[in-house]
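Take a look at the structure below.
The values are calculated or read from the model by the stated rules, or taken from the named source; none is laboratory data. Predicted model only: the values in this text are computed from it and were never measured. Note that each Cβ is placed from the backbone with ideal geometry, even for glycine, and that neighbours are counted across all protein chains shown.
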């Protein structure tokens with residue numbers, strides 16, 4: 001499997017651009033007070049987790065472009081950073097306008113501890129190492145794109161969309177979330193392309209050691225065995241592609 005080039009990904013990312021301020025959350029805000037308390041608590045934990053996570057990924061992507069050493073790849077990382085800032089604004093709106101919590105000061109109290117650890121400890125530490133030249137781009141991409149976006153975000157997004165769809169509530173949040181998912185697909189594709197260009201290096205395989213912890217980051221109510229199995233199966237397929245790329249390069 002060989003992915004299309006960076007310019008193709010860049011064009012795809014540009015076509016997906018959307019306005020987070022245009023997502024209508026008025027019906028969601030009106031319906032929120034009448035939601036079942038258990039449902040509201042579940043949605044709150046997920047939205048709060050995304051508030052924390054999206055702020056973190058937007059803040060810590062900046063060393064990736066300079067480390068890429070490829071103008072087209074750097075342009076992709078720059079567009080991804082723009083996407084991540086938009087996602088952070090959308091989830092902040094959902095928290096403030098629908099859930100009634102402050103996304104800056106209140107979200108951490110509702111977010112899962114595993115999510116906080118990955119996005120507030122592991123990600124900043126690796127981004128700092130990348131910026132200082134103490135980590136290689138494949139290692140950073142492996143954590144950021146394959147683990148955090150490809151596993152943690154995938155499980156949380158699926159859980160939130162499933163919850164809202166089954167309950168038939170919060171159409172604005174559903175709309176915005178579906179748009180976020182579209183962006184994340186090309187982001188993960190960017191990560192796989194970077195690792196493939198690096199020849200499926202050892203750092204790519206090393207991220208497998210983080211996968212199980214990442215999959216469980218949301219807690220058992222969200223990270224159900226079925227969702228974890230699906231996310232890890234996709235993760236394993238990506239690592240297989242990268243291993244083959246590495247073998248071919250040698």
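Data table
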| item | result |
| --- | --- |
| Exclusive hit being under 14 Å from the mean Cα position of the chain (by Cα), at pLDDT 95 or above and farther than 25 Å from residue 35 by Cα, set 160, 177, 146, 123 | 123 |
| Condition check for residue 40: assigned to a helix (DSSP H, G or I) and either under 20 Å from the mean Cα position of the chain (by Cα) or loosely packed, with under 15 Cβ neighbours inside 10 Å (or both) | no |
| Meets criteria (surrounded by 21 or more Cβ atoms within 10 Å (Cβ to Cβ) and at pLDDT 95 or above) for residue 132 | no |
| Matching entry among 35, 61 (being touching a helix residue (DSSP H, G or I) at 6+ places or on another chain (Cβ under 8 Å), within 23 Å of residue 159 (Cα to Cα) and surrounded by 14 or more Cβ atoms within 10 Å (Cβ to Cβ)) | 35 |
| Subset of segment 3-20 that is part of a helix (DSSP H, G or I) and within 20 Å of residue 157 (Cα to Cα) - its residue that is modelled with the lowest pLDDT | 13 |
| Test for residue 183: is it over 21 Å from residue 64 (Cα atoms) and surrounded by fewer than 23 Cβ atoms within 10 Å (Cβ to Cβ) | no |
| Test: residue in segment 16-32 that is in contact (Cβ under 8 Å) with a residue 24 or more places away in the chain, crowded, with 19+ Cβ neighbours inside 10 Å, more than 19 Å from residue 175 (Cβ to Cβ) and out of contact with any strand residue (DSSP E or B) (no Cβ under 7 Å at 6 or more places or on another chain) | no |
| Residue 89 vs. criteria surrounded by fewer than 24 Cβ atoms within 10 Å (Cβ to Cβ), assigned to a helix (DSSP H, G or I) and either at pLDDT below 95 or more than 15 Å from the chain's Cα centre (by Cα) (or both) | no |
